[in-house]
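The values are calculated or read from the model by the stated rules, or taken from the named source; none is laboratory data. If you're wondering where the values come from, they're calculated on a predicted model, not measured in any experiment. Here the Cβ positions follow ideal geometry from the backbone for every residue, glycine too, while neighbour counts run over all protein chains shown.
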Amino acid sequence: MSTMPTFAAASKALAQSGRRFYDRGWVLGTSGNFSAVITRDPLRLAITASGAWKGDLTAAEILELDADGNAAPAGAPRPSAEARLHLEIVRVRDAGAVLHTHSMWSTLLSDRHAAAGGLAIEGYEMLKGLEGVATHEHREWIPILENDQDMVRLAGRVRDTLDRHPGCHALLLRRHGLYTWGETLSQAMRHVEIVEFLLEASGRIES
């Protein structure tokens, strides 16, 4: 496991990621949320505040989250409503960063393939950008979960899904968007770029 960033370093990097993804059209408006682990024991994340516009995201809009989903210190801005999902992914995948985007293609394909429970992508050279994948012949299964406003219940479904699909690099929430992760923030950012490319390529071929 790589060295974890300080809160200040993580905040700066997450803000830069948000602006970069906004420019790509992946987190329009206040959509999307991003986190990075800053300590493991006790578990603490740097995570985007709720309602932050990603087009001009700053380090001041990143807050510290404890293992129970509480912002620290008391009185800090409210964290994203989906903070529990970030914590669950960090625990199950031992991730160092979790990134959530709301692109057009992730939204459309998550609805189109929901009945199948997921989307299989194979044969693309870009698959080799996913950690541990060495050939374009790899078949990546991206599970799709029904969206839910009950975050405790949804976090449980995320945990169960990741347990059932230990090799997946991402998951989709129906009509909502993409979650992916990495050992480091840079790896997670790479996964966003790779998966968003693969989703767009798949969607354009299906259209």
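The figures follow:
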{"item": "Some residue of the range 109-117 being within 23 Å of Thr3 (Cα to Cα), outside any loop (DSSP other than H, G, I, E, B) and in contact with a strand residue (DSSP E or B) (Cβ under 8 Å, 6 or more places away or on another chain)", "result": "no"}
{"item": "Among (1) closer than 21 Å to Ile144 by Cβ; (2) part of a loop (DSSP other than H, G, I, E, B); (3) more than 15 Å from the chain's Cα centre (by Cα) - the single one Gly69 does not satisfy", "result": "(1)"}
{"item": "Top-ranked residue of the range 37-72 - restricted to ones that are within 18 Å of Thr3 (Cβ to Cβ) and either aliphatic (A, V, I, L, M) or in contact (Cβ under 8 Å) with a residue 60 or more places away in the chain (or both), ranked as surrounded by the fewest Cβ atoms within 10 Å (Cβ to Cβ)", "result": "Leu43"}
{"item": "Among (1) crowded, with 18+ Cβ neighbours inside 10 Å; (2) out of contact with any Leu (no Cβ under 8 Å at 6 or more places or on another chain) - the single one Glu131 does not satisfy", "result": "(1)"}
{"item": "Meets criteria (of a type in the set (A, V, I, L, M, F, W, C), within 19 Å of Ala83 (Cα to Cα) and either free of Cβ contacts under 8 Å to residues at least 12 places away in the same chain or touching a strand residue (DSSP E or B) at 6+ places or on another chain (Cβ under 9 Å) (or both)) for Trp141", "result": "no"}
{"item": "Residues (without any contact (Cβ under 8 Å) to a residue 60 or more places away in the chain and in a helix (DSSP H, G or I)) located in the range 2-12", "result": "Phe7, Ala8, Ala9, Ser11, Lys12"}
{"item": "One residue from Phe21, Phe34 being in a strand (DSSP E or B), of a type in the set (Phe, Trp, Tyr) and touching a residue at least 40 places away in the same chain (Cβ under 8 Å)", "result": "Phe34"}
{"item": "Qualifying positions in the range 134-161 - assigned to a helix (DSSP H, G or I) and buried (at least 19 other Cβ atoms within 10 Å of the Cβ)", "result": "Leu154, Ala155, Val158"}
{"item": "Condition met for Ala15 (more than 20 Å from Gly182 (Cα to Cα) and either among the hydrophobic types (A, V, I, L, M, F, W, C) or assigned to a strand (DSSP E or B) (or both))", "result": "no"}
{"item": "Tally, over the range 174-207, of residues that are within 13 Å of Leu108 (Cβ to Cβ) and in a strand (DSSP E or B)", "result": "2"}
{"item": "In the range 54-90, the residues that are out of contact with any strand residue (DSSP E or B) (no Cβ under 8 Å at 6 or more places or on another chain) and within 27 Å of Gly167 (Cα to Cα)", "result": "Asp68, Ala81, Arg84, Glu88"}
{"item": "Number of the condition not met by Ala60 [criteria: (1) modelled with pLDDT of 95 or more; (2) more than 27 Å from Glu200 (Cβ to Cβ); (3) not in a strand (DSSP E or B)]", "result": "(1)"}
